[in-house]
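The values are calculated or read from the model by the stated rules, or taken from the named source; none is laboratory data. All values reported here derive from a predicted model rather than from experimental measurement. Virtual Cβ from ideal backbone geometry, glycine too; neighbours counted across all protein chains shown. All accessible areas refer to the heavy atoms of the entire protein, side chains included, with ligands and DNA or RNA removed. Shrake-Rupley method; radii C 1.70, N 1.55, O 1.52, S 1.80 Å.
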Amino acid sequence: MSGNKIKYGLKNTHYAVMNEVNGVISYGTPKHIPGAVNLVQNASGDPVIFHADDVEYFEENTNNGYEGTLEMALIPDEFRVEVLGDEIDSNGALIENANAKTKKIALMYEFDGDKNKTRHVNYNVNVSRPNLEGATKTNTKEPKTETMKITVRPALDTGDVKAKLSQDKAGYDSFFSAVYIKNAPVNTVAKSTATFSKAAPEDLSIDATSTDLTNKVKNVTINGANVAGVNLTVSGVDVTISQSFVAGLDNGTYTVVVEFDRGNAVTIILTVGA
């Protein structure tokens, strides 16, 4: 038993764009959606009942996923472009076109009131355009939210609808860095922190391991920006970032994320100083 009696405080809402190539499903890097207000998911699926011999001869429940809503304080323009298909023209205007096609996503989130800090992912989510609502200002200010209808369906490749992971499990810390996949390899890093001194610069070495001995590095980012291959040396799942690149960063703290072909990403907190 989880020990939870109620859930409240929706937070850490992320989305990852789903891609399908020749029947193979993959997901982009999850991105945070700030301002999540409320999430509703109602189970979808009716029982199948077959009568014979004057009795209910066969009965089976179907799982069609969930249907509900995601309420946001304000839907970010980045989400509108990447998922809803809006466009930004050369003048910076955000354009909604009737022929735009929405993209399916994985939806990830957790609840502040969950004592186990469980994190959740829905694998195959379709979202609709939100309604537009506004009102004139009166003597009180009541913010207007934006709500999207969502449908959660079984994943096209595995049939998995959703998953949840508690904080004592492998992959929890990097749950929002890459979409969690069932029985995926577990990737770890020897040190989760690193320091770089501009006075005595050295290449930044990231020593990673994977339970999949054939796994490979897919991408490396620093504060969300890709590190170009010219600045990287990759050996298996180990990564080295050139000292010249790191020396070009301003002094401060950075989040380095290493993504792999399979399994969770790993995160290193890098401190750059004089």
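Any idea how many residues of region 235-272 are over 22 Å from residue 188 (Cα atoms) and open to solvent by less than 20 Å² (accessible area, probe 1.4 Å)?
Result for region 235-272: 2.
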Exactly one of (1) loosely packed, with under 12 Cβ neighbours inside 10 Å; (2) over 18 Å from residue 32 (Cα atoms); (3) of a type outside the set (Asp, Glu) is unmet by residue 204. Its number? (1)
Turns out the strands (runs of 3 or more DSSP E) fully within region 1-46 with at least 1 residues that are over 19 Å from residue 149 (Cα atoms) and either in contact with a Gly (Cβ under 7 Å, 6 or more places away or on another chain) or modelled with pLDDT of 80 or more (or both) are 10-21, 24-27
If you go through region 211-232, how many residues are in contact (Cβ under 8 Å) with a residue 24 or more places away in the chain and outside any loop (DSSP other than H, G, I, E, B)? 6
Scanning region 79-135 for residues that are of a type in the set (Lys, Arg), more than 18 Å from residue 175 (Cβ to Cβ) and open to solvent by less than 40 Å² (accessible area, probe 1.4 Å) gives 80
Considering each residue of region 244-274, count those that are part of a loop (DSSP other than H, G, I, E, B), farther than 29 Å from residue 213 by Cβ and among the polar types (S, T, N, Q), and give that number. 1
Cβ-Cβ distance below 9 Å, separation of 6 or more or different chains: which pairs start in region 178-192 with a residue that is over 18 Å from residue 26 (Cα atoms) and end on one that is open to solvent by 30 Å² or more (accessible area, probe 1.4 Å) and part of a loop (DSSP other than H, G, I, E, B)? 188/170; 188/211; 189/207; 190/207; 191/207; 192/173
